Amino acid sequence: SSLQSASLARVKPSATLAVTAQARELKRQGRDVIGLGAGEPDFDTPDNIKAAAIEAIKRGETKYTDADGMPELKAAIVAKFARENSLTYETNQIHVASGGKPVIYNAFVATLNPGDEVIVPAPYWVSYPDMVLLAGGEPVTVIGEEADGFKLRPEVLDAAITPRTKWLILNSPSNPTGAAYTRAELEALAEVLRKHPQVWILTDDMYEHLVYGDFDYVTIAQVAPDLYDRTLTCNGVSKAYAMTGWRIGYAGGPKPLIDLMRKVASQTTSNPSSISQWAAVEALNGPQDFLAERAAAFEKRRDLVVSMLNQADGIRCPKPEGAFYVYPSIEQLIGKTTPSGAVIDNDETFTAELLNAEGVAVVQGAAFGLSPYFRISYATSEDVLEEGCRRIQRFCASLK
Ligand code: PLP
């Protein structure tokens, strides 16, 4: 009999972590590698947040807390939802876990039965389908086309819903496309969801603070208050506050769901690090002005990358509203040949040959459920981005 469980056998390892590991290995061999694969801000965690963690250690805040987060952090999250999203939650409607990832996983473990369907709009963040599978559910992929800015059309959503649909996942701004839904687009999806009361909505708002130009960020429970009772609003400090290593994510939702998620945490992980929770209190309650400064830096990088990629032969790069990703098309490069004789038959070959020829690490669109595209993370310096894009231009020019 196999060591691996049947439910784990349905899951594949994270493709984005695989690309990062491959780039690291090439670097170790002495290759000059430009890593545009990892989805992590290059900025440091702000000093006031670090200081709050150090103070927490000195005060002896180093013991167990409530399994789903301590009251001080839940209060800071309640205030955040009220201040930034006009959403009213009580502290008993808040779930805190060791990152945005486990918040989502706890929700699925708490609610999915075998055969339950979860609608996952593609291009999707790599972990959604696999977390659904691991929790025993069935991911149902629907496509957001490039022509629609990679966003889900209401009629496509409507056609995908069945009596077994338990959840719809929304992720705005999106990893991997950077696409963000406007108020009108969310209202149109809400109109469909009103017809299907069995469907819960998990909205992953992790990139909320990274939107550009005059884009007005809104989340679905705010736009459609009548869906509040079946919406889980997920967020976290990882991306906005450059705190990926601290591992704090959170969600607000209806009390019956939050009670179930607490039950999962109480028998599995228990509380996220008490020290990280105090750091997150400072992140949410402390000064917020650096968020706009960092968003401005990201916006400049987006503009640089979009412009340089659109100057590469055969690449078409849409300009997304947010996050720190772009999702260019390589449709026009399919069938071309590299100088070493490899035929670009799909986006996986494209990214492998690009890494080979120019040492640029990016992630193939196949990993996110829509080909032929690739994802670039621009959460790195303008110098590195310029060099990376120059190499991509050179690689594309070399294809015949
Ligand atoms: N949600 C999205 C869309 C993400 O891109 C990520 C991280 O890559 C997460 C959630 C997970 O965040 P965390 O590091 O807090 O688990």
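Mean separation of Cα pairs under 8 Å and 6+ residues apart, divided by the residue count of the chain: what relative contact order is that in percent? Display every interim value, and only then the final one.
On the way: 790 pairs, mean separation 89.5, N = 400.
For the chain, the relative contact order is 22 percent.
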Ordered by fewest other Cβ atoms within 10 Å, a rough proxy for footprinting exposure, Leu133, Leu26, Leu152 read Leu26, Leu133, Leu152
Calculate the radius of gyration of the Cα atoms of the chain to one decimal place, then report Dmax, the largest Cα-Cα distance, as a whole number, both in Å. 21.1, 65
Counting only other residues whose beta carbon sits under 12 Å from that of Ser266, what net charge do I get with K and R as +1, D and E as -1? -1
Just want the ordering: Lys80, Lys195, from fewest to most Cβ atoms lying within 10 Å of their own Cβ. Lys195, Lys80
Among DSSP beta bridges whose residues both lie in the chain, state the antiparallel percentage, nearest 5. 45
Please tell me which of these pairs span more than 28 angstrom C-alpha to C-alpha: Lys12/Lys255; Lys80/Lys263; Lys151/Lys300? Lys12/Lys255
Using the alpha-carbon atoms, what tilt in degrees (0 to 90, nearest 10) does helix 47-58 show relative to the longest principal axis of the chain? 50
C-alpha long axis of helix 71-85 to longest principal axis of the chain, angle in °: 60
Which angle between 0 and 90 degrees, to the nearest 10, do you get for helix 289-310 versus the longest principal axis of the chain when only C-alpha atoms count? 30
Percentage relative contact order, the stretch 47-197, counting C-alpha pairs under 8 Å, at least six apart: 17
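Any read-out appearing in this document is the output of simple, stated calculations on the displayed coordinates, not a laboratory observation. This structure is a prediction, so every number in the text was calculated from the model and none was measured. Heads up, the Cβs are rebuilt from the backbone with ideal geometry, glycines too, and the neighbour counts pull from every protein chain shown.
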